[in-house]
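Working notes, beginning with the structure itself.
The values are calculated or read from the model by the stated rules, or taken from the named source; none is laboratory data. Note that the structure is predicted; figures quoted are calculated from it, not measured. Cβ atoms come from the backbone with ideal geometry, glycine included; neighbour counts cover every protein chain shown. Side chains included, ligands, DNA and RNA excluded: accessible areas come from the protein's heavy atoms. Shrake-Rupley method; radii C 1.70, N 1.55, O 1.52, S 1.80 Å.
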Amino acid sequence: MWLVFHVVLGLASAFSPLPVIIWFYLVAISSILWVLQSTRSPAPLILYTVYLTSFELLARMASSSPFIPYELGKYLLFLLLVFGIFTFQKKSWIGFVMLFLLIPALIIDESGRVEWLDLVFNVLGPINVALAVWFFYQKRVSVKVLGYSLLLAVLPLVSVLSFTIYRVPDFDDVDFELGANTLASAGFGSNQVSTALGLGAFLAFVIWLNKWRLSGIRWLDALIFLAFCVQGLLTFSRGGMFGTVVGVVVVLFFLSKSTGIQIRKYNLPKIGKFVIPAILLIVVSFYVANELTRGMLLLRYQGETAGTLAGAKEKDLNTYTTGRLDIFTGDLEIWENHILLGVGAGASRYLRNTMEEVAAHIELSRLLAEHGLLGLMYFILLCYVGFINYRKHKNPMIRGLLLAFFLVGIYTSFHAAMRTFISPLMIGLSLLQIVQLKKKKPVKKVSSEEKPRPVLNLL
C-alpha cells in the first residue's frame, strides 16, 4: 500500500508541488510529538530523520521551495541532529572534535569574495557529518529498526523514480550524447538524480536480499531494483550508479566470507542464491539502458566523449571524471600554499587555477584546500570512526551493511561533495550499534497508554 502511495505521490508531484508539500508537513507535524516524547530510545528520532530528509530531491524536482527549502536535507539534518545530541547525552568525543576542526575556516577568507550562501553551501554538509558522528555513534537499535530505516529511506526515492520516469520524453525524441543527460533526469541535475537513484537501487537490493518487505512480493522488489538501475543509467551520470556497485559488492563480499555456523546462527541468506540473480539484474539493466540509448551508454562508461571519438581530445582520467581531476589537483595546489589553515570555507572555487568558479565536487580536496591540516585531521577521524564500528559486530550481514553504508557515504562525497543528505545520513547509519533483541515473554495486560506506537503516526 505504501509503495503504491509513494509511486502516486511522485506522479502527482510531476503536475504540482502541492502533493509533496502537503504530505511532507502532514507527516512532520503528526509525528513530531511521538518523537519528542520518545526520550528513552533514539529509534523514533532516527526513523523520523531518515524519512523526512529523504524527500530532499523530490521536493527540489517538484519546485516546492520556499515551502520546502531547496536544501532541505542540510537544514533538517542540522536541527534534528542537534536535538538528538542534547536529548540523548552522548559520550563520544570524536564528533565534537570534528565539529571543532571546522570552525577556523569559517573566519578565514583569502579570496575576499565568500558570502553567507557560500558558507552554507560548503560547510553545512561537513558540519552535519560531524553532528551525525556525534549523534549516531554507538546508538543501540534493533535489526527491525534498521530494516524500517532503510524502508523509510527508499520510499521517497521511489517517488523520485516515478516522477523521473513520467517526465522522461519518448526515447525517439531524446538525442543521447556522451555527457550527462538532463532529459533523462526529468530536466533536473543529472548528478543529483543519478546519486539518488543509485542509493535507491542499493537500498532496494538490501531489502530484497534480507527478505524485508518493500512491496511484499519478491519478484516485484527485484523489478524495483531493476527500474532504479535502468533509470539511473539513462541519466548518463556515472557517479550514482558506481555507488550502487560499491554497496552491493561490499555486502555480497561479507556474505561470501560467512561460515556455515554463522549462516545458521544468524539466519543469513545463502550467497549462491543471490550472487547470480544480482549480477544478472545489473547486466540486464545495463543491456536494456544501452539498447535504449542506441549503444551510447557503453561508450559513456568507457570514458568516451565527442572530442575523444573525433580524435580532438585524448581520453584520460580527467575526461573520464568529467573534470574532477582538474578540480582535485587545483585544490591540492591551493593546499600546498596554505597548508596549515587553508584559504577559508567557500574560497577555493575563487582561487583555483584549474576549473575556476566551479563548485567543489570532491570533499576531501575541498577540506584540504579550505581547512588545511585541520581538514585532513577531520577526514582521518571520520575514516577512523567508520572503520572501527563495523568491526564490533559479529553478524556478517550487519558488518557488511554498516561498512557498505559508510563507503557509499564516503564515495558519494568524492563525486558530489557533501551537498546532499546522502553522505551525512549514510555515514550516520553506518555508526549504529545493531542488536538482536531477545524475545520477551508475553505480557497479560497492557494499558492503552503503554501500547507501542507505529513506526510513524502515518506510516
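If you scan segment 1-47, which residues turn out to be part of a helix (DSSP H, G or I), among the hydroxyl-bearing types (Ser, Thr, Tyr) and over 26 Å from Thr164 (Cβ atoms)? Reasoning before the result, please.
Step one: list which residues in segment 1-47 are part of a helix (DSSP H, G or I), which gives 2-13, 18-37, 43-47.
Applying the additional criterion that residues be among the hydroxyl-bearing types (Ser, Thr, Tyr) yields 13, 25, 30-31.
The answer is Ser30, Ser31.
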Residue count, segment 96-114 (criterion: touching a residue at least 60 places away in the same chain (Cβ under 8 Å), out of contact with any Gly (no Cβ under 6 Å at 6 or more places or on another chain) and either closer than 15 Å to Tyr137 by Cβ or outside any helix (DSSP H, G or I) (or both)): 5
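For (1) open to solvent by less than 60 Å² (accessible area, probe 1.4 Å); (2) within 18 Å of Phe121 (Cβ to Cβ); (3) of a type in the set (S, T, N, Q), each residue gets a yes or a no:
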| residue | (1), (2), (3) |
| --- | --- |
| Thr322 | no, no, yes |
| Asp326 | yes, no, no |
| Asp331 | yes, yes, no |
| Glu336 | no, no, no |
| Gly346 | yes, yes, no |
| Arg349 | yes, yes, no |
| Arg352 | yes, yes, no |
| Glu356 | no, yes, no |
| Glu363 | yes, yes, no |
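Return the residues of segment 411-429 that are aliphatic (A, V, I, L, M), at negative phi and part of a loop (DSSP other than H, G, I, E, B); say none if nothing qualifies.
Step one: filter segment 411-429 for residues aliphatic (A, V, I, L, M), giving 416-418, 422, 425-427, 429.
If we keep only those that are at negative phi as well, we get 416, 418, 422, 425-427, 429.
If the condition is that a residue be aliphatic (A, V, I, L, M), at negative phi and part of a loop (DSSP other than H, G, I, E, B), then Ala416, Met418 are the ones that fit.
Just checking: which of the helices (runs of 4 or more DSSP H) contained wholly in segment 210-288 hold 2 or more residues that are under 21 Å from Val193 (Cα atoms)? I'd like the intermediate steps shown before the answer.
Details: elements: 218-234, 238-256, 260-266.
Per the criteria, 218-234, 238-256.
Check segment 76-87 and report whether any residue there is under 30 Å from Ile339 (Cβ atoms), surrounded by fewer than 22 Cβ atoms within 10 Å (Cβ to Cβ) and under 23 Å from the mean Cα position of the chain (by Cα).
Of segment 76-87, the ones under 30 Å from Ile339 (Cβ atoms) are 78.
From what is left, the residues that are surrounded by fewer than 22 Cβ atoms within 10 Å (Cβ to Cβ) are 78.
Applying the additional criterion that residues be under 23 Å from the mean Cα position of the chain (by Cα) yields 78.
Within segment 76-87, one or more residues are under 30 Å from Ile339 (Cβ atoms), surrounded by fewer than 22 Cβ atoms within 10 Å (Cβ to Cβ) and under 23 Å from the mean Cα position of the chain (by Cα).
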Segment 259-279 - residue that is open to solvent by 40 Å² or more (accessible area, probe 1.4 Å) and modelled with pLDDT of 85 or more and, of those, nearest to Lys315 (Cα to Cα): Thr259
Helices (runs of 4 or more DSSP H) within segment 292-408 that include 3 or more residues closer than 23 Å to Leu99 by Cβ and not aromatic (Phe, Trp, Tyr): 363-371, 373-389
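Return yes when Leu36 is of a type outside the set (Lys, Arg), open to solvent by 10 Å² or more (accessible area, probe 1.4 Å) and touching a residue at least 24 places away in the same chain (Cβ under 8 Å) and no when it is not. Give the derivation first.
Details: of a type outside the set (Lys, Arg): yes; open to solvent by 10 Å² or more (accessible area, probe 1.4 Å): yes; touching a residue at least 24 places away in the same chain (Cβ under 8 Å): no.
Spelling it out, it is not the case that Leu36 is of a type outside the set (Lys, Arg), open to solvent by 10 Å² or more (accessible area, probe 1.4 Å) and touching a residue at least 24 places away in the same chain (Cβ under 8 Å).
If you take the residues of segment 149-184 that are among the aliphatic types (A, V, I, L, M) and not in a helix (DSSP H, G or I), which of them is modelled with the highest pLDDT? Steps first, please.
First, pick out the residues of segment 149-184 that are among the aliphatic types (A, V, I, L, M): 150-155, 157-158, 160-161, 165, 168, 174, 178, 180, 183-184.
Narrowing the set further to residues that are not in a helix (DSSP H, G or I) leaves 168, 174, 178, 180, 183-184.
On the way: Val168: 82, Val174: 67, Leu178: 69, Ala180: 69, Leu183: 73, Ala184: 74.
Looking at residues that are among the aliphatic types (A, V, I, L, M) and not in a helix (DSSP H, G or I), I get Val168.
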Every pair of residues 6+ apart whose Cβ atoms lie under 6 Å, when the first sits in segment 123-146 and is touching a residue at least 40 places away in the same chain (Cβ under 8 Å) and over 30 Å from Arg213 (Cα atoms) while the second is surrounded by fewer than 21 Cβ atoms within 10 Å (Cβ to Cβ) and of a type in the set (Val, Ile, Thr): Trp134/Ile85
